[in-house]
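The values are calculated or read from the model by the stated rules, or taken from the named source; none is laboratory data. Predicted model only: the values in this text are computed from it and were never measured. Here the Cβ positions follow ideal geometry from the backbone for every residue, glycine too, while neighbour counts run over all protein chains shown.
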Amino acid sequence: MKFLGYVLSHLWHSKRRTFLTVSSIAVALFLFCTLRTVMTSLDASLRASDETRLVVRHAASLVFPLPLAYKARLAQVPGVVNVSFGNWFGGYYQDPKNQFTQFAVEVPSVFDLYPEILLGPAEKEAFIRERTSCIAGEALVKKYGWKVGDVIPITGTIYPGSWPLTLRGIYRAATPDASEDAIFFHWDFLNESMPEGRKNLVGIYWLKVASPSDAPTVSAAVDQVYENSPVPTKTETEKAFQAGFIQMMGNVSTLLSILGSAIIFAILLVTVNTMMMAARERTTEIAVLKTLGFRDGLVLQLVAAEAMLLSLAGGIIGCGLAYLAFHRVNFTAGGMIPNFRVLPETLVLGILLAVAMGLLSGLVPAFSAARLPISSSLRKVA
Amino acid sequence: MTDGLGNGGEPLISLRDVTKEYRRNAIVVPVLAGITLDVKRGEFLALMGPSGSGKSTLLNLIGGIDRPTKGEVRVAGETLNALNASKLAAWRARHVGFIFQLYNLIPVLTAFRNVELPLLLTRLSASERKKRVDLALSLVGLEGRDHHYPRQLSGGEEQRVAIARAVVADPTLLVADEPTGDLDSKNAEEILVLLRRLNQELGKTILMVTHDPHAAETADKTLHLDKGVLRP
């Protein structure tokens with residue numbers, strides 16, 4: 001600790017270099033946290049998926065609906081414990097930029113399929129009773145400052161027009177991976193408002209099976225029932241369904257990993273260069289320290305500590321900014337990534353990465369400084 | 001009886017047939033040739049000679065920052081040839097205070113922090129270090145200037161800070177490589193007076209390289225080096 005003053009003095013006296021180096025590391029770590037959060041947020045939907053939930057959709061595409069009449073037949077398929085359904089609404093709140101998940105769901109069966117939607121009994125009762133009501137996730141409510149009783153006008157894009165929904169409950173998610181950025185309202189309300197040709201059509205069915213091992217047989221059985229019908233189905237586990245969504249965005253993980261690695265590597269080179277320049281400028285000073293009796297190992301530690309402090313400061317600032325920025329603004333990428341939160345493990349990884357950058361960037365100059373011969377280094381100046 | 005530090009029969013500095021050569025590719029450049037020298041504790045010795053005669057090299061060998069090609073260098077009871085780099089560093093910290101021509105203060109540290117540097121290698125507490133630094137700064141007449149950076153000091157003041165840094169850990173020996181070489185005559189005189197005081201009042205053994213005959217007169221004895229050979 002007694003050498004901390006020496007290290008800090010150097011950082012303080014090269015303010016511009018310190019500021020620029022810390023800033024570049026901070027930007028790199030901010031980007032790292034952001035890119036990793038995109039990946040972990042996409043994965044969150046997979047982690048939140050229940051192995052005993054199946055999704056039934058039109059075999060050709062999600063765009064095509066299924067008849068409401070399928071519900072009764074699906075419930076009879078051996079192995080199916082519960083059935084519910086819903087339609088993706090795809091609207092926005094006040095401004096097209098305010099996009100988030102809205103689902104018209106069958107009430108109350110949806111609560112049997114999704115026990116992770118935590119709602120107080122009174123709020124649940126009020127929601128079930130009122131056909132024009134809705135429930136919203138806590139994060140969404142915080143973001144828009146809603147309160148129970150508010151009428152939330154949602155403008156439909158798939159279902160045109162303004163849809164005033166009365167907020168009757170604020171739900172919390174039972175697990176951190178489940179989203180709190182959605183609105184659920186009555187499918188009946190949507191259905192009765194539809195013109196004749198668009199009535200009684202369902203986007204997707206959710207099936208509950210008794211155990212994960214039942215999933216393959218039930219999926220096959222369901223699809224077999226409608227194999228030769230005009231509206232055939234495709235049934236898969238919720239996890240496979242979510243993974244399909246992510247795949248639609250291309251190989252995002254690989255792209256983001258490449259981008260992240262390239263950024264970190266570029267910044268690492270910049271930092272190594274900066275530290276080497278700083279050490280080279282201090283050739284005489286290092287020789288003087290050794291003359292005074294500073295051992296090679298101690299000189300190595302002092303130079304490495306400087307790089308480590310710079311890197312750590314950049315890491316803490318970059319990771320901290322990423323956490324604060326996304327936490328405070330409740331960023332959802334226009335509803336594309338509803339669970340966009342910087343996870344604690346991302347922050348830990350970011351700080352570890354900063355430590356690794358500090359070690360790597362300090363290593364070369366620290367070893368050079370430690371190996372510096374005293375007499376010739378002093379002679380260069382005198 | 002001898003304590004190895006020159007308090008007795010054994011000289012504080014003892015060089016036996018010391019040779020130093022530098023190699024530049026295949027070319028061998030001889031610098032010192034068969035130097036034998038004894039310096040008693042408490043002596044103030046001036047070393048003179050033309051440029052390239054090997055004065056600084058001899059000083060570096062005695063100060064333990066360079067090693068001889070042949071021969072034995074024994075200082076303060078320790079044969080320096082036998083010490084590894086780490087032990088030699090610890091030995092320097094304990095026994096030698098260095099004073100350079102260009103002061104070589106750390107520009108980002110205040111006078112106080114510069115003087116404190118050698119004490120960071122000891123087990124002294126922060127308050128003990130402060131006492132020692134204050135004492136060293138007052139010894140060189142710089143009390144009250146402890147928070148000044150080297151750029152805020154004159155050349156003479158910088159050299160006095162460097163002297164305070166050299167004596168703060170109470171070393172056995174002071175080696176000064178042209179300590180007045182970069183100073184005007186007034187400041188040079190003040191530095192010489194200070195070195196003389198350190199020698200006479202504190203009993204410090206001083207080895208000083210100089211080009212200046214007047215500076216050499218401050219010392220008890222002057223030795224001349226010519227082409228790597230020592231002459232009285």
Of the residues A:281, A:227, A:306, A:238, which single one is surrounded by fewer than 20 Cβ atoms within 10 Å (Cβ to Cβ), at pLDDT 85 or above and charged (D, E, K, R)? A:227
Selection within segment B:169-197 - closer than 21 Å to residue B:13 by Cα and either in a strand (DSSP E or B) or in contact (Cβ under 8 Å) with a residue 40 or more places away in the chain (or both): B:169, B:171, B:172, B:173, B:174, B:175, B:176, B:177, B:178, B:179, B:195, B:196
Is segment A:316-324 home to any residue that is over 30 Å from residue B:172 (Cβ atoms), hydrophobic (A, V, I, L, M, F, W, C) and at pLDDT below 90? yes
List the number of the failed condition for residue A:125; all other conditions in (1) touching a strand residue (DSSP E or B) at 6+ places or on another chain (Cβ under 6 Å); (2) surrounded by 14 or more Cβ atoms within 10 Å (Cβ to Cβ) hold. (1)
Select, from A:220, A:215, A:287, the only residue that is in contact with a Ser or Thr (Cβ under 9 Å, 6 or more places away or on another chain), away from every other protein chain (no Cβ under 14 Å) and over 30 Å from residue A:39 (Cα atoms). A:220
Quick one: which helices (runs of 4 or more DSSP H) sit completely within segment A:197-302 and have at least 1 residues that are over 30 Å from residue A:31 (Cβ atoms), over 32 Å from the mean Cα position of the chain (by Cα) and not aromatic (Phe, Trp, Tyr)? A:215-225, A:283-292
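Go through the residues of segment B:205-223 one by one and say whether even a single one is of a type outside the set (Phe, Trp, Tyr), part of a helix (DSSP H, G or I), more than 28 Å from residue B:52 (Cβ to Cβ) and in contact (Cβ under 8 Å) with a residue 60 or more places away in the chain.
No, that holds for no residue.
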Residues that are free of Cβ contacts under 8 Å to residues at least 24 places away in the same chain: find the helices (runs of 4 or more DSSP H) completely inside segment A:44-151 holding 1 or more of those. A:70-76, A:109-113, A:121-129
Taking residue A:143, is it of a type in the set (Lys, Arg) and touching a Leu at 6+ places or on another chain (Cβ under 7 Å)? no
When every residue in segment A:1-45 that is of a type in the set (Lys, Arg) and touching a helix residue (DSSP H, G or I) at 6+ places or on another chain (Cβ under 8 Å) is compared, the one farthest from the other protein chains (Cβ to nearest Cβ) is A:36
Restricting segment B:53-89 to residues that are part of a helix (DSSP H, G or I), free of Cβ contacts under 8 Å to residues at least 12 places away in the same chain and not hydroxyl-bearing (Ser, Thr, Tyr), the residue that is farthest from the other protein chains (Cβ to nearest Cβ): B:82
What number of residues within segment B:102-119 are polar (S, T, N, Q) and either in a helix (DSSP H, G or I) or more than 7 Å from chain A (Cβ to nearest Cβ) (or both)? 2
Residue B:109 being more than 26 Å from residue B:43 (Cβ to Cβ) and crowded, with 22+ Cβ neighbours inside 10 Å: no
Report yes if some residue within segment B:178-196 is modelled with pLDDT under 95, surrounded by 21 or more Cβ atoms within 10 Å (Cβ to Cβ) and of a type in the set (Val, Ile, Thr); otherwise report no. yes
What is the number of the single condition among (1) closer than 21 Å to residue B:94 by Cβ; (2) hydrophobic (A, V, I, L, M, F, W, C); (3) assigned to a helix (DSSP H, G or I); (4) free of Cβ contacts under 8 Å to residues at least 24 places away in the same chain that residue A:324 does not meet? (1)
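Can you tell me which residues in segment B:120-141 are part of a helix (DSSP H, G or I), more than 10 Å from chain A (Cβ to nearest Cβ) and surrounded by 14 or more Cβ atoms within 10 Å (Cβ to Cβ)?
B:130, B:132, B:133, B:134, B:135, B:136, B:137, B:139, listed by residue number.
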Regarding segment B:35-51, can at least one residue be identified that is within 12 Å of chain A (Cβ to nearest Cβ) and not hydrophobic (A, V, I, L, M, F, W, C)? yes
Could you check, for segment B:147-164, whether at least one of its residues is more than 11 Å from chain A (Cβ to nearest Cβ), in contact with a strand residue (DSSP E or B) (Cβ under 7 Å, 6 or more places away or on another chain) and not basic (Lys, Arg)? yes
Single residue of segment A:339-373 satisfying the filter (closer than 22 Å to residue A:289 by Cβ and among the polar types (S, T, N, Q)) that is surrounded by the most Cβ atoms within 10 Å (Cβ to Cβ): A:361
Complete set of residues in segment B:90-101 that are within 7 Å of chain A (Cβ to nearest Cβ) and surrounded by fewer than 19 Cβ atoms within 10 Å (Cβ to Cβ): B:90
Among the residues of segment A:334-341, is there at least one that is touching an Asp or Glu at 6+ places or on another chain (Cβ under 8 Å), at pLDDT below 90 and not small (Gly, Ala, Ser)? yes
